[in-house]
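The values are calculated or read from the model by the stated rules, or taken from the named source; none is laboratory data. What you are looking at is a predicted structure, and each value in this text was computed from that prediction instead of being measured. Here the Cβ positions follow ideal geometry from the backbone for every residue, glycine too, while neighbour counts run over all protein chains shown.
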Amino acid sequence: MEHLKRKNISMKMMFCGGIIFGIIVFLCIYGFRIVDVTYDEWLWNGEDLSQHYSGWLSYRSSAWRFPLGLCDTLIDGQLISVMYTDSIPWLAVIFKAFSAILPSTFQYLGLYGLMCFALQGGFAFLIMYKLTDNAIYSVVSGSILFFTAPLFQRMFTHTALASNWIILASFTLWIFHKDFRSIKTSTILWCGIFALSVGIHMYYLPMVGALMFFRYLQDAIENKKYWSRLACVISAVLSAVLALYVLGGFYGGAQFDQSGLGSYSMNWNSLFNSSNIGRILPALPLAQADQYEGIAYLGLGGILALVIGLAALIVNYIKNHNGICSNRIGALCGTLCAFALLVFAASPKVTFGSHVLFTIPLPDIIIKVWNVFRSSGRAAWPVMYAIIIIGMVLIWKNFKQFVAILLSAACLCIQIYDFSAYIGRKHMEFFSPTAQSVQLTPTDVWTSLLSDVSNIQFMSDASAPLVVSYNSKTVYALVRYAMDNDVNLSNFHIGRKSTDSINEKRNSAFNDIFNGNPSDDTIYVFDKMYLDKRIFDNLNIYQMDDMFIGVTKPIDKSLTSKVKEVEYGELYSFSSKLPNAIGAKYENNALVVSSGETASLQSIWLGNGKYKITVKGEALKSSTLKATDESINIVVDSIADKEMIFIIEIDKEGEDVTLQLQTTEANCIISDITVSSAVKEYESLAA
């Protein structure tokens, strides 16, 4: 009994030591500046961090209501859970409760990153000490668990997903299971992990769920207590459901049906694919670009630890005929757990390298449920951590103490070197003297515009992500301005929302414009230029920050020199910034289309009427222009080496037109594309 007491004290010391070590590692890589809760400039980078921070700002400014996680200031007219902005909901709730005494500018994402590293270290050292009972070896071998691909890849990109400590905490519950005084204690802790996972990031639920299920399966088989263990599992699931309800996960028009299962999956080379994160082994091909979600690279140090440990185990078995595993039930349940997680991560579309091996046919209902966790590749992370831990434990058990420490230290050094280039880039990013925050320009024009309105109406289809319809940096710069000026947003880039409701408001806004009744207190933000005379008749259209905006009140004359006003006669020009094009390269402010290739240009919405399309550049004579919709007739007006003119006529009320430029003999260079009205006097289509 006294031995257990001494060991418990040692366990606490190891956990605290790991926390301190984790804090040191974090500060060495990311620095002190981002831990300052009043420094938020780094969060306005126009990427996912801006989404997470915007979610917190909106939630903080919302009135309290139940469920606790609901926010009414993010998307006008909708109650949205702070869960779906990945703003680490439990922290958002806690800090909102103390909002009155917090600074007006307050961010906790830097602090949470520090906390992740601290807990990563605490649980890593604790696990290794429990398995080896040697403090020095635990520190050396546990340190390798800091240097993993998911932790560094996700930290301050999808910060909530960097909570890899949740996986290690679940491993701790598995390993310490028999040390708990009662099954009640174990159940309470698992319920806590489930509730934490919901309020940090939902994608940890399948990982934690698999670990809990197979640990209780092992316990049920060993103790012949099946019903009581099933009750423990059900209790944990109910705790997750309760947490989801309290945070507002079931509330409002949130849509859970998604597509994309199989695109964000794990490739079966994932554990050994450096994916340009490691500097020693080459990156291996993927079947789909989005399989970065399934990166679970062991690192060369982790791979060597496994190889050395397995080799030593086999040699010792041959020499001494010792049993390879003393707990076969535990090993079987652990293996089944790893297999289940890998199958879930791989998705029904099984891939290896650049090849799709096969697709498992499944009923639609299973696909629909699985799509809730469509980025399934993340489920491979626990397997990655388990393999590294197993490798380190095998080294300890099959070598003499001094040799084992040297081998683990060598693996750690190799692991650090393997990740050093990637970590170095992160270090340089966060130690740069100035944060690259997004800004709308010209500032005085936007300030003037936003002072006169109370709504920003995005005119893109809500079924497409907002950061796809528009430039993401521009979107978050606009969101920042809107939040600073208490302006309502009609849409936001968020994981779950009612797209039907947003599109109803969008369609209503179009009808108001077409019928000559646009709102005076609204800025209309178009994802592309809608070339319909009714829009130009009823709104002043300006091109600003890669966006087309419409307002009823013209910009003050003293500011018009700073923006480009778009008139119906010229309509659409890409001379200053050509659109993105699939099949073309953007070089020296021009699009280059290779011989024999077809470049698909950005779509343009054209109202009923006749238009002139002028293409300028070099080596154009061997090119032709067409529309992806073959029913749209494009007539050649003139073709020369440096200029082509086409006439296009739209008979319908209005249509999205995607232009394609095809070359036959030589590379062509496009320096300017202009779409203009072929007939100056244009009959209005307004009803």
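Please determine, by comparing only the residues of segment 1-46 that are over 20 Å from residue 128 (Cβ atoms) and among the aliphatic types (A, V, I, L, M), which one is modelled with the lowest pLDDT. So that I can check it myself, show each step before the final result.
So the first thing to find is which residues in segment 1-46 are over 20 Å from residue 128 (Cβ atoms), and the list is 1-2, 5, 27-46.
Filter again for among the aliphatic types (A, V, I, L, M), leaving 1, 27, 29, 34-35, 37, 43.
On the way: 1: 36, 27: 95, 29: 94, 34: 92, 35: 94, 37: 94, 43: 90.
Only one residue tops the list, namely 1.
Confirm whether residue 135 is buried (at least 21 other Cβ atoms within 10 Å of the Cβ) and in contact (Cβ under 8 Å) with a residue 24 or more places away in the chain.
no
Looking at 461, 444, 452 in this structure, which one is surrounded by fewer than 20 Cβ atoms within 10 Å (Cβ to Cβ), among the charged types (D, E, K, R) and within 21 Å of residue 494 (Cα to Cα)? Write out each step before concluding.
Numbers: 444 fails: within 21 Å of residue 494 (Cα to Cα); 452 fails: within 21 Å of residue 494 (Cα to Cα).
Unique residue meeting the criteria: 461.
Only one of (1) within 23 Å of residue 34 (Cβ to Cβ); (2) over 31 Å from the mean Cα position of the chain (by Cα) fails for residue 133. Which number is that?
Result: residue 133 fails condition (1) only.
Count, please, the residues in segment 249-279 that happen to be crowded, with 22+ Cβ neighbours inside 10 Å, modelled with pLDDT of 90 or more and out of contact with any helix residue (DSSP H, G or I) (no Cβ under 7 Å at 6 or more places or on another chain).
Residues in segment 249-279 being crowded, with 22+ Cβ neighbours inside 10 Å, modelled with pLDDT of 90 or more and out of contact with any helix residue (DSSP H, G or I) (no Cβ under 7 Å at 6 or more places or on another chain): 1 in total.
Looking at 415, 401, which one is in contact with a Gly (Cβ under 7 Å, 6 or more places away or on another chain) and more than 14 Å from residue 545 (Cβ to Cβ)?
Values: 401 fails: in contact with a Gly (Cβ under 7 Å, 6 or more places away or on another chain).
One residue alone meets the criteria, 415.
Provide a single number: the residues in segment 485-500 that are surrounded by fewer than 17 Cβ atoms within 10 Å (Cβ to Cβ) and within 18 Å of residue 547 (Cβ to Cβ).
Total meeting the criteria: 1.
Which of the residues that make up segment 637-649 are more than 43 Å from the chain's Cα centre (by Cα), touching a residue at least 12 places away in the same chain (Cβ under 8 Å) and part of a strand (DSSP E or B)?
Correct list: 637, 639.
Take the residues in segment 465-484 that are over 16 Å from residue 545 (Cα atoms) and free of Cβ contacts under 8 Å to residues at least 40 places away in the same chain; name whichever of them is surrounded by the most Cβ atoms within 10 Å (Cβ to Cβ).
Kept after step one, since they are over 16 Å from residue 545 (Cα atoms), are these residues of segment 465-484: 465, 483-484.
Subset that is free of Cβ contacts under 8 Å to residues at least 40 places away in the same chain: 465, 484.
Values: 465: 14, 484: 11.
By that ranking, first place goes to 465.
Within segment 194-211, take every residue that is under 20 Å from residue 250 (Cα atoms) and β-branched (Val, Ile, Thr) and give me the one that is farthest from the chain's Cα centre (by Cα).
198
Can you say whether residue 304 is in a loop (DSSP other than H, G, I, E, B) and of a type outside the set (Asp, Glu), as far as the supplied structure shows? Walk me through how you get there before you give the answer.
Numbers: in a loop (DSSP other than H, G, I, E, B): no; of a type outside the set (Asp, Glu): yes.
Answer is no for this residue.
If you scan segment 92-132, which residues turn out to be crowded, with 19+ Cβ neighbours inside 10 Å and polar (S, T, N, Q)?
Passing the criteria: 107, 120, 132.
Mind telling me which of the residues 67, 89 ends up being touching a Ser or Thr at 6+ places or on another chain (Cβ under 9 Å), surrounded by fewer than 21 Cβ atoms within 10 Å (Cβ to Cβ) and modelled with pLDDT of 90 or more? So that I can check it myself, show each step before the final result.
Values: 89 fails: surrounded by fewer than 21 Cβ atoms within 10 Å (Cβ to Cβ).
Sole residue among the options that is touching a Ser or Thr at 6+ places or on another chain (Cβ under 9 Å), surrounded by fewer than 21 Cβ atoms within 10 Å (Cβ to Cβ) and modelled with pLDDT of 90 or more: 67.
Which condition number in (1) in contact (Cβ under 8 Å) with a residue 60 or more places away in the chain; (2) under 26 Å from residue 473 (Cβ atoms) is the one that residue 60 fails?
Condition not satisfied by residue 60: (1).
Of the numbered conditions (1) closer than 30 Å to residue 424 by Cβ; (2) touching a strand residue (DSSP E or B) at 6+ places or on another chain (Cβ under 6 Å); (3) of a type outside the set (Val, Ile, Thr), residue 248 satisfies every one except a single condition; which is it?
Of everything listed in (1) closer than 30 Å to residue 424 by Cβ; (2) touching a strand residue (DSSP E or B) at 6+ places or on another chain (Cβ under 6 Å); (3) of a type outside the set (Val, Ile, Thr), residue 248 misses just condition (1).
Could you run through segment 48-88 and say how many residues are under 16 Å from the mean Cα position of the chain (by Cα) and part of a helix (DSSP H, G or I)? Spell out how you get there, then give the answer.
Our first condition is that a residue be under 16 Å from the mean Cα position of the chain (by Cα); within segment 48-88, this holds for 48-55, 82-88.
Filter again for part of a helix (DSSP H, G or I), leaving 48-55, 82-85.
Count: 12.
Give 603, 575, 594 a once-over and let me know the one that is hydroxyl-bearing (Ser, Thr, Tyr) and either at pLDDT 80 or above or buried (at least 16 other Cβ atoms within 10 Å of the Cβ) (or both).
On the way: 575 fails: either at pLDDT 80 or above or buried (at least 16 other Cβ atoms within 10 Å of the Cβ) (or both); 594 fails: either at pLDDT 80 or above or buried (at least 16 other Cβ atoms within 10 Å of the Cβ) (or both).
Unique residue meeting the criteria: 603.
Is there a residue in segment 28-41 that is acidic (Asp, Glu), under 30 Å from residue 500 (Cβ atoms), under 25 Å from the mean Cα position of the chain (by Cα) and outside the structural domain of residue 454 (by TED's automatic domain parsing)? Spell out how you get there, then give the answer.
Here is the first cut: in segment 28-41, the ones acidic (Asp, Glu) are 36, 40-41.
Subset that is under 30 Å from residue 500 (Cβ atoms): none.
No, segment 28-41 contains no residue that is acidic (Asp, Glu), under 30 Å from residue 500 (Cβ atoms), under 25 Å from the mean Cα position of the chain (by Cα) and outside the structural domain of residue 454 (by TED's automatic domain parsing).
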